[in-house]
Ligand code: XMP
């Protein structure tokens with residue numbers, strides 16, 4: 001009989017076997033997967049775990065604060081908060097290709113982790129030999145091939161694919177065999193707060209892949225505001241837990257509008273919401289028209305730079321959940 005309590009025990013034993021008396025650096029993304037991985041590893045090896053949260057400037061409104069608060073206040077796990085906005089946004093300047101965005105971000109994550117490993121070693125107890133990630137089973141599959149299709153890469157999820165040869169850290173991925181619902185069950189088993197366990201997934205490359213085309217600070221600021229208003233409406237309507245993932249994307253298109261007696265020429269925001277059980281297939285969420293109207297009105301009234309809102313009614317397949 002396979003239970004989460006049993007998985008927890010086995011996973012802890014496996015981490016101890018792999019890590020021995022070594023140290024682990026765990027990258028936190030703000031999502032539930034890396035949080036569960038971190039708490040599990042902390043149970044296995046205690047203070048030999050150090051968490052690193054990289055703020056790459058592609059997070060949602062309030063996200064960095066929430067993650068840091070959870071880990072600092074709730075757990076006694078050492079946490080390095082790295083401000084790396086300049087580094088990431090600088091490297092993404094002029095990049096519009098989705099795969100180049102992912103590869104650039106993945107490379108910078110690794111470089112940032114390596115630099116942090118050196119800092120961790122300054123306490124005299126040696127540098128971490130292991131890098132932990134909250135990779136799930138669907139991440140592994142989707143980076144390799146598409147369900148039932150030919151073996152082509154749809155998206156190279158940045159947290160999969162191993163580490164560069166020259167890097168002398170080995171990967172620890174205790175959730176590699178789990179699906180999302182199982183990770184949530186494990187999170188509950190580990191006592192993570194319900195609000196955190198129930199969070200919608202958020203991709204490692206963050207807002208970079210919700211801003212199709214070139215990424216600018218101006219666009220990111222607009223996107224953050226629109227996304228926050230949309231999620232606020234979803235929570236107020238009591239729909240958050242029914243939805244697998246909901247977010248706004250800022251389209252690289254300007255459209256003409258009219259406001260008061262003036263002409264506007266502003267960005268288009270696309271709203272996305274899907275139901276899914278594992279992210280591998282998904283259906284668009286059938287909101288009431290009144291909900292969509294309310295969300296659109298609020299976004300246009302409250303977010304300067306947006307004059308049009310559209311709702312994405314594509315399921316997966318043929319669409320993917322993210323726009324890039
Ligand atoms: P797609 O867009 O491929 O997304 O239908 C499936 C799930 O994966 C997330 N996603 C990513 N997660 N790195 C990540 O860590 C990535 O590059 C990436 N791309 C997509 C997406 O948010 C959804 O939950």
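The values are calculated or read from the model by the stated rules, or taken from the named source; none is laboratory data. Worth saying up front: this structure is predicted, and the values here are computed from it rather than measured. When we count neighbours, we look across all protein chains shown, and the Cβ atoms used for this are built from the backbone with ideal geometry, even at glycine.
Restricting to helices (runs of 4 or more DSSP H) lying wholly in the range 190-308: which have 3 or more residues that are at pLDDT below 95, closer than 30 Å to residue 9 by Cα and away from the ligand (no atom under 16 Å from the Cβ)? I'd like the intermediate steps shown before the answer.
Details: elements: 194-197, 217-236, 289-302.
By residue number, 194-197.
When you check residue 128 against the structure, is it in the same structural domain as residue 67 (by TED's automatic domain parsing), buried (at least 16 other Cβ atoms within 10 Å of the Cβ) and in a helix (DSSP H, G or I), yes or no? Walk me through it before giving the result.
On the way: in the same structural domain as residue 67 (by TED's automatic domain parsing): yes; buried (at least 16 other Cβ atoms within 10 Å of the Cβ): yes; in a helix (DSSP H, G or I): no.
No; evaluated as a whole, the condition is false for this residue.
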In the set 269, 274, 310, which member is crowded, with 19+ Cβ neighbours inside 10 Å and more than 19 Å from residue 201 (Cα to Cα)? 269
List the residue pairs whose Cβ atoms are under 6 Å apart, where the first residue sits in the range 270-296 and is farther than 25 Å from residue 180 by Cα, the second is in a strand (DSSP E or B), and the two are 6 or more positions apart or on different chains. 270/249; 270/251; 270/310; 292/311; 296/309
Look through the range 151-167, keep the residues that are touching a helix residue (DSSP H, G or I) at 6+ places or on another chain (Cβ under 9 Å) and at pLDDT 60 or above, and return whichever of them is farthest from the ligand (Cβ to nearest atom). 167
